[in-house]
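Here the structure is laid out as structure tokens; the discussion comes afterwards.
All of the numbers you see were taken from the coordinates with simple rules; none came from a lab. Remember, predicted model here, so these are calculated numbers, not experimental data. Virtual Cβ from ideal backbone geometry, glycine too; neighbours counted across all protein chains shown.
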Amino acid sequence: MSSKKYATPLVIELKPSVFFLTLLSLLHLGGIAALLPLALPLLIQTLVIIIVLISLYYNLSLHSLLRFNQSINALCWFDDNEWQLTQRDGNKLHALLTMNSYLYPQLTILNFNLLGSKKTRTVIIFFDAIDENTFRQLRVRLRLLQSKTRH
């Protein structure tokens, strides 16, 4: 990004997202509600409900409430594609943004390849997880990066 303004690192501090918590809860509970009228043995229904509830707990804790040590609670975008992801336990991960990230008006999904390994990480950012100005800056920079890589 050629402008000096965009050369400065963008620091993003994430906080728990109430909107994401609500959405995840509704989706998981909807899955359970859709399961109940099916003619399945009670044991199978119970096991599936337990699996769905475990999935709800895991995803809420990791992505929405940021409670797990592996939860990403801060990001720093240094350059066009160089990022530092900070986990809740303080561990810093150096990563490159992949071009299959998504931008929506209320949601940004960032997919990263971790440097020095073949692992990937996804960071889901809803509008209520960061302040409005930072969310706008992030989306503008991502759009500029996407348009730059298409040409």
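Got the relative contact order for the chain handy, in percent, Cα pairs under 8 Å and 6 or more residues apart?
On the way: 204 pairs, mean separation 33.9, N = 151.
About 22 percent, as a whole number.
Give me the net charge for the shell around Ser17: Cβ to Cβ below 14 angstrom, other residues only, Lys and Arg +1, Asp and Glu -1. Don't skip to the answer; put the middle values down first.
Working: positive: Lys15, Arg67; negative: Glu13, Asp128, Asp131, Glu132.
The answer is -2.
I need the peptides 117-124, 29-36, 83-90 ranked by packing, meaning the mean over residues of other C-beta atoms within 10 angstrom, with the highest value on top.
Top of the packing list down: 83-90, 117-124, 29-36.
Relative to a virtual label point 7 Å from the Cα of Ile49 in the Cα→beta-carbon direction, which members of the stretch 21-37 show backbone nitrogen distances below 16 Å?
Counting only backbone N, you get 28-37.
Measuring from label point to label point, each 7 Å out along Cα→Cβ, what is the Tyr104 to Thr134 span in nm?
2.2 nm
So what is the 222 nm mean residue ellipticity for the chain from helices alone, if each DSSP H run of at least 4 adds -39500 (n - 2.57) and you divide by all residues, rounding to the nearest 500 deg cm²/dmol?
That comes out to -12500 deg cm²/dmol.
In the Gaussian network model of the chain, springs joining C-alpha atoms below 10 Å, which of Ile12, Ile130, Ile50 carries the largest mean-square fluctuation?
Ile50
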